[in-house]
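Please read the structure below before turning to the comments.
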Amino acid sequence: MTEITTNLNLPIPLGNENVNRQYFVDLIQAIDTGAVSQEQLSKAIGDIKIDLVDAYDSTDKQKAVSADALRRGLETKQNTLRLADNYLNANVLINAPAVDNGGREYPSGVSMFKVSTSTAGWPTTNGYVLTFRVSGGGYQVFYESYAGTVQTEKNMRQWTRSKKESNNFWQPWTRALTELDQLDYVRQPGYAVTSGTGTSYTVALDPVPSSLPEGFGITIVPHVVNTGAATLKVGGNVVVALKNTDGADFAAGDLPPGLPVQFRKVGANFIKSSGGGMREYFGDGSDEDFNSTANTTLPSTLNGPIVVKNYKSFILNAGHTFTVSNPCRGLFIFVDGDVTINGTLTMIAKGGLNVSYPVIPETPDKYKTTYLSSVMKLYGGAGGNGGKAVYGGPGGTGGAGRLCVGGFGGGGGGGTAYDINTQNSYHPGGAGGSIQYQDVPNPSFTPGNMAAGGNAGINGSGGSGGGMTYRNSGTPGTVGQRGGGVYGGGGGGGGGGTDYNAGVGRDGQYAGGFICIIAKGSITVGSTGIISASGGTGGAGGGGSPSVYSDTWGSYGGGGGGGAGGGVISLFYKINYKNSGNLSVTGGSGGYGGSQTPGYYRPNTNPVVSDPGFSGSPGTVLIKNI
């Protein structure tokens with residue numbers, strides 16, 4: 001098939017075709033028909049017309065911008081944006097209202113220049129100023145030239161200011177805050193390693209906070225352990241006290257070095273919110289598993305330090321008792337597993353006198369545990385008041401509860417001798433002692449006087465009884481007996497004395513002790529289980545003595561001592577707690593009052609009894625999941 005050319009559609013013979021002269025005649029004629037002459041081309045170009053416009057900003061797509069309009073447009077744009085190094089001196093344009101002192105003003109539109117001198121008024125000595133000027137008003141941006149080789153949000157900063165048309169001067173510069181600047185330390189707490197001392201920590205934050213608003217958060221890593229109550233100073237802000245989660249001051253060692261602790265500003269203090277600080281500790285298991293097969297009495301020093309045990313697990317079976325041998329500072333049981341109590345765990349009347357020993361045992365790493373701050377706020381019950389003796393001395397006032405042990409009871413009043421017929425009292429007994437020292441009692445007692453009034457009790461001991469003699473016989477009477485000593489419960493008042501020795505006031509029992517269990521697992525008190533730290537009873541008043549020389553003389557007994565306060569039970573568990581038994585921290589009952597004794601030859605049918613002491617108050621029970 002014959003091929004055709006692209007533009008003029010002329011036939012092209014194939015390689016195997018024969019071509020005659022007529023073929024070439026037709027081909028030349030076709031070329032001549034499609035060609036354009038020089039005259040025709042010139043005429044066609046002359047008919048073309050182009051419309052030009054003189055507006056350089058014309059957007060008419062059918063017209064062209066003239067050369068003059070293009071030139072004026074370029075000149076106008078060039079005048080609008082200038083580099084001020086080539087335009088004016090930046091130093092004289094700091095607050096120019098309209099023109100500078102050289103007669104120049106910020107141009108309308110947009111201008112830029114460089115600041116590279118120390119002239120006052122610019123945010124920094126190196127930067128670029130971009131000005132947007134409209135009539136007499138404007139807006140400026142100052143771009144600081146950043147230092148160093150890497151641009152960051154800290155070293156590339158901007159300032160802005162504005163000027164109303166009616167104002168003579170620009171407003172003060174305001175720095176544009178970056179995302180880094182906008183950290184408020186409430187939503188995004190700071191973090192810092194401390195400096196300073198173990199009681200006065202200091203930290204530096206970047207950016208530097210100008211104030212410490214409510215909720216301000218910071219995590220500190222102490223560089224040294226705290227040596228007592230501590231404070232924190234953040235930058236140039238005020239010093240703020242650091243407090244534990246319960247609002248109490250930190251004890252020495254509660255903030256170990258190298259461990260992060262998070263705080264939040266609440267009121268005037270930084271309150272610990274989480275992390276670091278006091279560690280959990282459940283013992284080292286060195287005492288192995290405990291599963292009772294009989295009663296267990298741990299050795300303890302009288303009025304000595306706390307007894308500490310470290311068990312892997314603890315089971316006290318029904319019918320068995322677990323206690324210490326002597327009153328002491330308390331019983332602390334760490335358990336690395338579960339605790340089951342179906343027997344009796346007791347510190348009844350086992351609260352020792354010596355408070356110089358610490359309430360909390362040291363853990364092996366010397367750091368307190370998370371629950372111990374709660375223990376340091378637990379107090380036992382108050383001791384009861386002593387009873388008054390008939391016609392004798394008044395009872396003493398009991399003391400308040402002590403840290404983790406019960407308080408002491410007041411002493412009973414001393415008894416007095418009397419005339420049976422007239423009921424006149426002679427040589428009355430001394431007053432029972434009131435508690436003068438809450439934590440350091442004096443368990444002494446007071447002697448009586450021969451044929452004279454009894455002495456007052458000392459710091460909870462009972463008053464001594466008053467003595468007398470049968471006047472007609474000339475034989476001296478006996479001494480009114482001493483009051484009992486206070487060891488928890490108040491001492492009973494001594495009985496009044498006549499010809500025979502009267503009854504001695506009895507000593508009060510010890511106060512309720514302290515039991516603390518910290519279990520990594522669960523604590524279960526079964527239906528037969530008992531945990532008790534109740535207070536001991538007050539001492540009984542001594543009885544009066546009869547006269548062998550007269551049936552008209554006798555004596556009254558002393559008043560009873562006040563009961564001791566109940567102690568403290570604190571149970572901390574990690575997994576679960578269930579109590580189907582009994583937890584008791586009741587105060588001890590007051591001691592009995594001493595009885596009246598009539599004359600030697602007169603039957604004692606209805607003896608008069610002096611007042612008993614008052615009961616002590618209940619102690620404290622704390623159950624807490626840790």
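The values are calculated or read from the model by the stated rules, or taken from the named source; none is laboratory data. What you see is a predicted model, and the numbers here were worked out from it, not measured in a lab. Cβ coordinates were reconstructed from backbone atoms using ideal geometry, including for glycine residues, and neighbour counts include every protein chain displayed. With ligands, DNA and RNA removed, areas are computed over all heavy atoms of the protein, side chains included. Shrake-Rupley method; radii C 1.70, N 1.55, O 1.52, S 1.80 Å.
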Q | N604 being modelled with pLDDT of 90 or more, polar (S, T, N, Q) and open to solvent by 10 Å² or more (accessible area, probe 1.4 Å) | A | no
Q: Just give me the residues in the stretch 301-330 being in a loop (DSSP other than H, G, I, E, B), in contact with a Pro (Cβ under 8 Å, 6 or more places away or on another chain) and at pLDDT 95 or above, in sequence order.
A: S325
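What about V19, is it open to solvent by less than 100 Å² (accessible area, probe 1.4 Å) and at pLDDT below 70? Talk me through it step by step, then tell me what you get.
Details: open to solvent by less than 100 Å² (accessible area, probe 1.4 Å): yes; at pLDDT below 70: yes.
So V19 passes the test.
If only one of G343, G285, G337 is modelled with pLDDT under 95, of a type outside the set (A, V, I, L, M, F, W, C) and open to solvent by less than 10 Å² (accessible area, probe 1.4 Å), which one is it? Lay out the reasoning, then the answer.
Numbers: G343 fails: modelled with pLDDT under 95; G337 fails: open to solvent by less than 10 Å² (accessible area, probe 1.4 Å).
Answer to the check: G285.
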Q.
Step by step: first the residues of the stretch 387-398, then only those that are of a type outside the set (A, V, I, L, M) and open to solvent by 10 Å² or more (accessible area, probe 1.4 Å), then the one that is farthest from S461 (Cα to Cα). Which residue is that?
A. Y391
Q | One residue from N269, N237 being open to solvent by less than 30 Å² (accessible area, probe 1.4 Å), modelled with pLDDT of 90 or more and polar (S, T, N, Q) | A | N237
Q) In the stretch 240-266, how many residues are in a strand (DSSP E or B), within 14 Å of T199 (Cα to Cα) and either open to solvent by less than 50 Å² (accessible area, probe 1.4 Å) or in contact with a Ser or Thr (Cβ under 8 Å, 6 or more places away or on another chain) (or both)? A) 4
Q: Please list, ordered by first then second residue, the pairs with beta carbon atoms under 6 Å, 6 or more apart or interchain, first in the stretch 159-175 and of a type in the set (K, R), second in a strand (DSSP E or B).
A: R161/Q140; K163/G137; K163/G138; K164/G137; R175/W159
